[in-house]
Amino acid sequence: MKTIKTKNPYTQKTIKEYQLITDDALNDKLKQGEAQFQHWKSVSIKKRTKLLTRVAELLIERKESYAKLMAEEMGKPITQGIAEIEKCAWVCDFYAKNAGDFLADQLIETDASESFISYDPLGMILAVMPWNYPFWQVMRFAAPTLTAGNVAVLKHASSVAGCAVELQKLFEDAGYPKGCFQTLLVDHNQIEDIISNPIIKAVTLTGSEVAGRKIAEIAGKNLKKTVLELGGNNACIVLNDANLDEHIETITWARMQNNGQSCIAAKRFLVQSEIYDEFLERFKSEIENYNVGNPTSEDAKITCMASESLAEEVEEQVKKSMAKGATLFYGNERQTAYYQPTIITDVKKGMPLFDEEVFGPVAAIIKVETKDEAYQLSSDSKLGLGAMIFTEDVEDAKHRISEIEDGAFFINEMVKSDPRLPFGGTKASGYGRELSKEGIMEFVNKKTVYLK
Ligand code: NDP
């Protein structure tokens, strides 16, 4: 029987071995979920949101143990893990409070005596999720999707199988009926069969562009809706008038959060020439002061990447960029899965550090002369998740909103997700939106009802 082993990237030791489920067991789970849907779809919104509130409470009660599990499975610093779980509780509370309004029938005046849109659940939704925010990525999908009356199955990244198992338990412990939320310990090669199964009505994937294309292809063949949250290569524009005293900490953290493994991290820094030297020095002194250590240590801000092979990939991207003329300004030491926060200058289009998503703690710095050049380079990417700008001329930034092609534009703040605001990308960063009212609307049948 096939198994997956989880491994602590900091100690390099195996944590646990999990058996993948057989095809028969998989079919049983899908059937159980389908049967549950027939009941769950008619449970009142009041009861559904009450259960969601219980999930939020359990998350807070268990935040230390969940953060420890993430620290062990993918090296997340424990304090950032606790913050992640608190954010999961927030998204549950947000939908517990607002889902009733979002899902209420929407009356529309027409020639009919009554016409409206009714928002019905679709059935079973498959979520394929990544390891970098093992709880958050799942909860931001599950909270709205289950509350809308759907049931869900999760294929989590194999490296966080322990988190995947805990997530199913979380919903069951909160009182969700069996089959509402199920974790499937399957190989990603089994995904085609799962998506093709008529029980599955739609798919959401958060992950790489490669996985996104594969899933979209299979779902397209089966005429099933997809939401894709893929990679990012976010630009961070720093103009001559940026207030570095106020913002340098945020700017630096925009790149280094989660050991640099965030889709919405600032990856390409477009820095105007007059502030360039000061920016580099201040960026460096920020990252020099980061505490480096064991993921379970409360003092550690930087720990290690989620695996040695991921760190090697980043090293390769840096090496290839330097071979094309990029310059090492700071850092670039690697020990197994640890990658030192690094600054690389003279980055240009045509180098991996400009063209590709770099999923690790490496800041690619590009000097620009004019604002126009900064905006043009910002959108010069096949990805379009988000962009940020730091400037004291907020009015000018607001006038240029339309020049940003991404799914988000943050002014004097790093790109971040918030349950109240839609989240998602353009171009090869995917399509569809999560969070806010938009997120809960992705997996419902917007049914037109017309009474003559
Ligand atoms: P992967 O795409 O490698 O994995 C994501 C999920 O997809 C995993 O469950 C994985 O399973 C599965 N998967 C991988 N390849 C295939 C395939 N060919 N067919 C079907 N399923 C597949 O991404 P990572 O886990 O490495 O996560 C990092 C990526 O996720 C980055 O590109 C990042 O930018 C993106 N991301 C996007 C976010 C967003 O909101 N837009 C947020 C966070 C991350 P298995 O583990 O078994 O391979």
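Calculate how many DSSP beta bridges within the chain are antiparallel, expressed in % of all such bridges and rounded to the nearest 5. Could you put the intermediate results ahead of the total?
Working: 25 of 64 bridges.
Here the antiparallel bridges make up roughly 40 percent for the chain.
How far is helix 308-323 tilted off the main Cα axis of the chain, in degrees rounded to 10, range 0 to 90?
Once rounded, the angle reads 40 degrees.
Scan around Tyr339 for amide H atoms under 5 Å from its own, H built in the peptide plane at 1.01 Å from N, and keep only partners 5 or more places away or cross-chain.
Distant-sequence amide H within range of Tyr339: Met305.
Could you go through the range 287-292 in sequence order and give the Karplus-derived ³J(HN,Hα) for each residue, using 6.51 cos²θ - 1.76 cosθ + 1.60 with θ = phi - 60°, rounded to whole Hz, and x for Gly and Pro?
So the J values, rounded to whole Hz, are 6, 4, 8, 5, 6, 9.
For Phe409, list long-range residues whose amide hydrogen, built 1.01 Å from N in the peptide plane, is under 5 Å from its own amide hydrogen.
Long-range HN contacts for Phe409: Ala387.
Where both partners of a DSSP beta bridge lie in the range 234-418, what percent of those bridges are antiparallel, to the nearest 5? Could you put the intermediate results ahead of the total?
On the way: 5 of 26 bridges.
If we restrict to bridges inside the range 234-418, about 20 percent are antiparallel.
Using a 10 Å cut-off on Cβ atoms, rank the peptides 318-329, 249-260 from the highest mean neighbour count down.
Details: 318-329: 16.2, 249-260: 22.3.
In descending order of packing, they fall as 249-260, 318-329.
Among Lys16/Lys214; Lys76/Lys349; Lys76/Lys367; Lys13/Lys68, which pairs are too far apart, with a Cα-Cα distance over 24 Å? Before the final figure, lay out the partial values.
Numbers: Lys16/Lys214 29 Å; Lys76/Lys349 31 Å; Lys76/Lys367 32 Å; Lys13/Lys68 15 Å.
Result: Lys16/Lys214; Lys76/Lys349; Lys76/Lys367 exceed 24 Å.
Let me have the 222 nm mean residue ellipticity of the chain computed from DSSP H runs of 4+ only, each contributing -39500 (n - 2.57), with the sum over all residues rounded to the nearest 500.
On the way: 15 runs with 186 residues, N = 452.
When only DSSP H runs of four or more count, the value is -13000 deg cm²/dmol.
Per residue, what volume in Å³ does the Cα convex hull of the chain take up?
150 Å³
How would you order 270-277, 181-188 from highest to lowest mean count of nearby Cβ atoms within 10 Å? All intermediate terms of the calculation are to be shown ahead of the outcome.
Numbers: 270-277: 17.8, 181-188: 20.4.
Result, highest mean Cβ count within 10 Å first: 181-188, 270-277.
Cβ under 10 Å from Lys13's Cβ, Lys13 left aside: what net charge do those residues give with Lys, Arg +1 and Asp, Glu -1?
Neighbour charge sum, excluding Lys13 itself: 0.
From the Cα gyration tensor of the range 234-418, with a ≥ b ≥ c the square roots of its eigenvalues, which class applies: rounded if a/c is under 1.5, or else prolate if a/b is larger than b/c, or else oblate? Display every interim value, and only then the final one.
Working: a/c = 1.63, a/b = 1.42, b/c = 1.14.
Since a/c reaches 1.5 and a/b is larger than b/c, the shape of the range 234-418 is classed as prolate.
Would you mind calculating the gained length between Leu451 and Gln19 on full extension (0.36 nm times residue separation, minus the Cα-Cα distance), in nm to one decimal?
This chain segment gains 150.2 nm when fully extended.
With Cβ to Cβ distances under 15 Å as the rule, what net charge do the other residues near Lys452 carry (K, R +1; D, E -1)? Let's see the in-between values first.
On the way: positive: none; negative: Glu109, Asp111, Glu114.
Here the count lands on -3.
Which angle from 0 to 90°, rounded to the nearest 10, does the C-alpha axis of helix 136-147 make with the longest principal axis of the chain?
Long axis of 136-147 versus the principal axis of the chain: about 30 degrees.
Could the peptides 142-148, 366-372 be put in order, highest first, of the mean number of other beta-carbon atoms found within 10 Å of their residues? Intermediate values should be presented prior to the final figure.
Numbers: 142-148: 27.1, 366-372: 16.1.
In descending order of packing, they fall as 142-148, 366-372.
What is the spin-label model distance, in nm, from Lys178 to Lys348 if the labels are put 7 Å beyond Cα along the C-beta direction?
Distance between the two pseudo-spin positions: 6.4 nm.
Quick note: the coordinates plus some simple rules give every number you see, no bench work behind them. Since we're looking at a predicted model, the values are computed, not measured. Virtual Cβ from ideal backbone geometry, glycine too; neighbours counted across all protein chains shown.
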